[in-house]
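Written out below as structure tokens is the structure these notes cover.
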Amino acid sequence: MRKYLTRSVALIGAVALLTLSACFSEREGAPAAGASGSAAPAKGFAADALIGVALPSKTSENWVLAGDLFTNGLKEAGFTSDVQYAGASTTVADQQAQISAMVTKGAKVIVIGATDAAQLTTQVKQAKEAGAVVIAYDRLITNTPDVDYYIAFDNFKVGQLQGQALLDGMKAKKPEGPWTVELFSGSPDDNNSGVFFNGAMDVLKPAIDSGDVVVGSGQTDIKQTAIQGWKAENAQSRMDSLLTSTYNGDKKLDGVLSPNDTLARAIITSVKGAGKDIPVVTGQDSEVESVKSIMAGEQYSTINKDTRKLVAETIGMVKSLQAGTEPTINDKDSYDNGQKVVPAYLLPPVIVTKDNAAESYANDPKLAPLTQG
Amino acid sequence: MSRIKDLQKNLFGGTTSNARQFGMIFTLVAIVLLFQIWTDGLTLTSGNLIAVVSQYSYILILAIGMLMVIVAGHIDLSVGSVAAFTGIVVAKAMQEFSLPWPVGILLGLAVGALIGAWQGFWVAYVGVPAFIVTLAGMLLFRGGNQYIGNADTVPVSEGFRTIGAGFLPEVGPDTGYNNLTLLLGLAACAGVIWRELKSRQTRREMNADVAPMWISVLRMAVMVGVIVFATLRFAGGRVGTSLPISGIILIVLVLAYSHYTRNTIGGRHIYAVGGNSRAAELSGVKLRRVNFLVMMNMSVLAALAGMIFVARSSASGPQDGLSWELDAIAAVFIGGAAVSGGLGTISGSIVGGLVMALLNNGLQLEGVGSDMVQIIKGLVLLLAVAFDVYNKSQGRFSIIGSLMRPFRRDDPPPPTDRPSPASDAGKAPVAG
């Protein structure tokens, strides 16, 4: 019996082996199905090729707008597009699966607005091995050598513009220094926070050193100025304590460097609550409430990073990849993701104050009406 | 009718419990074929199958533990948080104390066991319902994840990544395939055949009915065919890819836990407790110990799943593990487990999980947005269970019921399948 058993196993095993080898010739081409784009990407690809766009979940209107712009823009450019948002509850896993699916479908270029910039290593590698070009959109994908390009607004420049706006605003209000300021920076776990702050300090430092600008509380280190989680309530409570500790008498606060609009409004709320004059407060992101505040003369400035431009530039990049030419790069050495220096194309941000708001938002259907009158 | 029944018994039921799994697999095959046609053959390409396995292996590992929890009449809502907590602990420990990665894995399993002991203690010895204990655990360990990780993303080393993103090495002659995967496939074929023949032999020795030889041959041919096909797909991907390591971990766990729940006294005790805990206790089942071990086991598997995800993502982040518990629970119920406990099998849950995975994957290949994917998955879960419940309550023929009958323990048992009288005592009240 046992003998019969072993013999059958051996027999059927042999049959299976034969089946295996019989399949060889037929299956030789199969790997290509998953990786049909293994031709060198620099040589260009079909004009109607599939372009994948993986964006974070639809929590911010900016991403929803970007998705629509990508869908329409890629279609107009003649590509087949696959624009995906990560699900709201399972963002990282969803985005990983979506990128894998795009690779399987043979996407030639995958544009990724990462939900978690450090958790896509495996998928990006997979894309690269399948011959797709990976473009990190707005957020640099870290922890991997397989990112080809990075496209975003120049965040260092954002900081510089904020610093300059702060100086200009204070000069306009009070022609002669010294001016007293307070500094705020973004969440310590966000890579960009440091970039904004360093940009601003690049402009402010000389003025601080010469004594023209005085930081009232003396808190100039990014660790002291950071606002955990970019949360409005944290900014408000820091401003509250600064007002009590440093500005309780008739000492005047001339300006506050704020990295974005949400924090700027929180700072203004705090100052108003303390019954003080509103200082010059910078911002970023062109949020609706802040544009209103600027028009009302409270917040001094914000930054306009036009999503339309960023998407248009990205599609331009895809087009030059399609034609087989090297896309335009204007920064070859600033963006190190820990594994490689990613060639980047940086768009210039635009500073917006009450003076140029109407002009800056002329093309924005949502903000333009706010700037009228 | 009786002839059809005979055939059905011969093909799906009757002889080996292994062959019973054919039933549910039909549903899976239907979904695969649907998407295979819909996506112009993308679903079954090597690249896609490899991606699906590595994407969903951690959910399927959770489903194994969850099945046992649900069979025992409990639920575990904390698995996602436990996975995330373990992930960040392991990633941080490896980063700060530069632990070698195998030590990191052991540490993770130990953390899982500790958490499991904590939850098991409250469930089994204090008697707090598992729903509450694990709801608390969900908050506790999610908070713990953020507290330790500072809501930051912590990368892990290259070596650690193998358990989530690794493949078998390319060794031996250049056959155009991954040789180790081929060997695994051959071993699987041999295993299937050996099992079938062994069971015929056992039945003959016990003077039970033996199915005609052609039935056995047909069954073997189908299984071998599927295995050969899968092997070739997994072995024939891009150079450097193979059956993912995480898939191998999954297969080992499925085999081990299937054997445990089906063929060992400890495993049958879980069913006894879930079927009727009072009767089980009176028959001598150590109720508390079973509950404790089931909860603890779940957390260990959750820890493992968390580490596999971290390895695959190459970093542990604050969003790890979000709503995994729901995916695992859905897989178990689609796989035919009963909400009241006492019914369900590991293989059923795995097939249920694969149904969800392939549905997800197919819809993504079609470019359906994640909003619609969630809606569709929700409906599939609801309809799959509701359709069956309705048909059963009408006393009509239930398609899913008949497909899943092989998974249920309420049909007349084959003699080899009831090792312990205790499980019989526990089973009887839930039958029908």
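The values are calculated or read from the model by the stated rules, or taken from the named source; none is laboratory data. None of the values given here were measured: they were computed from a predicted structure. Because the Cβ atoms are built from the backbone with ideal geometry, glycine has one as well, and the counts that use them run over all protein chains shown.
So, B:S283, is that one out of contact with any Cys (no Cβ under 9 Å at 6 or more places or on another chain) and within 14 Å of chain A (Cβ to nearest Cβ) or not? For B:S283, the condition - out of contact with any Cys (no Cβ under 9 Å at 6 or more places or on another chain) and within 14 Å of chain A (Cβ to nearest Cβ) - is not met.
Only residues that are within 21 Å of A:D168 (Cβ to Cβ) and in a helix (DSSP H, G or I): list them for the range A:184-204, please.
In the first step, residues of the range A:184-204 are kept if they are within 21 Å of A:D168 (Cβ to Cβ); the result is A:184-185, A:196-204.
Within the range A:184-204, A:F196, A:F197, A:N198, A:G199, A:A200, A:M201, A:D202, A:V203, A:L204 qualify.
From the list A:A117, A:A152, the one residue that fits, being touching a residue at least 60 places away in the same chain (Cβ under 8 Å), farther than 23 Å from B:M307 by Cβ and among the small types (G, A, S), is A:A152.
Filtering A:G316, A:G324, A:G338 for residues that are touching a Ser or Thr at 6+ places or on another chain (Cβ under 6 Å) and of a type outside the set (V, I, T) leaves a single hit, A:G338.
Closer than 18 Å to A:G159 by Cα, touching a residue at least 12 places away in the same chain (Cβ under 8 Å), outside any helix (DSSP H, G or I) and in contact with a Pro (Cβ under 9 Å, 6 or more places away or on another chain): does that describe A:V181?
When the stated conditions are applied, A:V181 passes them.
For beta carbons closer than 6 Å, sequence separation of 6+ or different chains, a first residue in the range B:189-207 that is at the interface with another protein chain (Cβ under 9 Å from one of its Cβ atoms) and a second that is modelled with pLDDT of 90 or more, the qualifying pairs are B:C189/B:V224; B:C189/B:I227. As a summary of the residue check, B:M296 satisfies the conditions (1) assigned by TED's automatic domain parsing to the domain that holds B:G120; (2) under 30 Å from B:V29 (Cα atoms); (3) assigned to a helix (DSSP H, G or I) except for the one numbered (2). The listed residues are B:V79, B:V32, B:V71, and the only one of them that is touching a helix residue (DSSP H, G or I) at 6+ places or on another chain (Cβ under 8 Å) and within 14 Å of chain A (Cβ to nearest Cβ) turns out to be B:V79. All of A:A274, A:A264 fail the test of being among the small types (G, A, S) and within 19 Å of A:N155 (Cα to Cα), apart from A:A264.
Residue under question is B:L343, and the condition is that it be in contact (Cβ under 8 Å) with a residue 24 or more places away in the chain and touching a helix residue (DSSP H, G or I) at 6+ places or on another chain (Cβ under 6 Å); does it hold? In short, no. Of the helices (runs of 4 or more DSSP H) entirely within the range B:150-256, those holding at least 1 residues that are over 26 Å from B:M94 (Cβ atoms) occupy B:179-205, B:213-235.
Here is a yes/no grid of residues against (1) farther than 30 Å from B:A315 by Cβ; (2) of a type in the set (K, R):
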| residue | (1), (2) |
| --- | --- |
| A:Q322 | yes, no |
| A:E326 | yes, no |
| A:I329 | no, no |
| A:K340 | no, yes |
| A:V350 | yes, no |
| A:A358 | yes, no |
| A:N363 | yes, no |
| A:P369 | yes, no |
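Within the range A:86-101, not a single residue is surrounded by fewer than 23 Cβ atoms within 10 Å (Cβ to Cβ) and more than 9 Å from chain B (Cβ to nearest Cβ). Applying the criterion of being more than 29 Å from the chain's Cα centre (by Cα) and among the small types (G, A, S) to the residues of the range A:253-281, the residue that is surrounded by the fewest Cβ atoms within 10 Å (Cβ to Cβ) is A:G275.
Cβ-Cβ distances below 6 Å connect the following pairs, each with a first residue in the range B:67-80 that is surrounded by fewer than 24 Cβ atoms within 10 Å (Cβ to Cβ), a second residue that is assigned to a loop (DSSP other than H, G, I, E, B), and a separation of six or more residues or different chains: B:G73/B:G341. B:S340: surrounded by fewer than 24 Cβ atoms within 10 Å (Cβ to Cβ), polar (S, T, N, Q) and either away from chain A (no Cβ under 14 Å) or part of a loop (DSSP other than H, G, I, E, B) (or both), yes or no? Yes; evaluated as a whole, the condition is true for this residue. Among the residues of the range A:223-252, write down those that are farther than 16 Å from A:A274 by Cβ and surrounded by 16 or more Cβ atoms within 10 Å (Cβ to Cβ). Across the range A:223-252, the qualifying residues are A:T225, A:A226, A:I227, A:W230, A:A232, A:N234.
Taking (1) within 16 Å of the chain's Cα centre (by Cα); (2) away from chain A (no Cβ under 11 Å) in turn, B:Y58 satisfies each apart from (2). Of the numbered criteria (1) on the phi < 0 side of the Ramachandran plot; (2) at the interface with chain B (Cβ under 10 Å from one of its Cβ atoms), the one A:I135 fails is (2). For the range B:183-207, filtering for residues that are loosely packed, with under 15 Cβ neighbours inside 10 Å and over 25 Å from B:T231 (Cα atoms) leaves 4.
Scanning the range B:145-187 for residues that are under 27 Å from the mean Cα position of the chain (by Cα), free of Cβ contacts under 8 Å to residues at least 60 places away in the same chain and closer than 21 Å to B:F97 by Cβ gives a single hit, B:G159.
If you go through the range A:302-321 one residue at a time, do you hit one that is part of a loop (DSSP other than H, G, I, E, B) and hydroxyl-bearing (S, T, Y)?
So far as the range A:302-321 goes, no, none of its residues is part of a loop (DSSP other than H, G, I, E, B) and hydroxyl-bearing (S, T, Y).
A single member of A:T59, A:T19, A:T6 is outside any strand (DSSP E or B), more than 10 Å from chain B (Cβ to nearest Cβ) and at pLDDT below 85, and it is A:T59. Does any residue of the range B:252-259 turn out to be surrounded by 24 or more Cβ atoms within 10 Å (Cβ to Cβ), touching a residue at least 12 places away in the same chain (Cβ under 8 Å) and either more than 14 Å from every other protein chain (Cβ to nearest Cβ) or touching a helix residue (DSSP H, G or I) at 6+ places or on another chain (Cβ under 9 Å) (or both)? Looking through the range B:252-259, none of the residues is surrounded by 24 or more Cβ atoms within 10 Å (Cβ to Cβ), touching a residue at least 12 places away in the same chain (Cβ under 8 Å) and either more than 14 Å from every other protein chain (Cβ to nearest Cβ) or touching a helix residue (DSSP H, G or I) at 6+ places or on another chain (Cβ under 9 Å) (or both).
Give B:G104, B:G144 a once-over and let me know the one that is under 17 Å from B:S299 (Cα atoms) and crowded, with 23+ Cβ neighbours inside 10 Å.
Matching residue, one of B:G104, B:G144: B:G104.
Being free of Cβ contacts under 8 Å to residues at least 24 places away in the same chain and surrounded by 15 or more Cβ atoms within 10 Å (Cβ to Cβ) is true of A:I208.
Against the criterion of being outside the structural domain of A:G324 (by TED's automatic domain parsing) and of a type outside the set (S, T, Y), A:L120 does not qualify.
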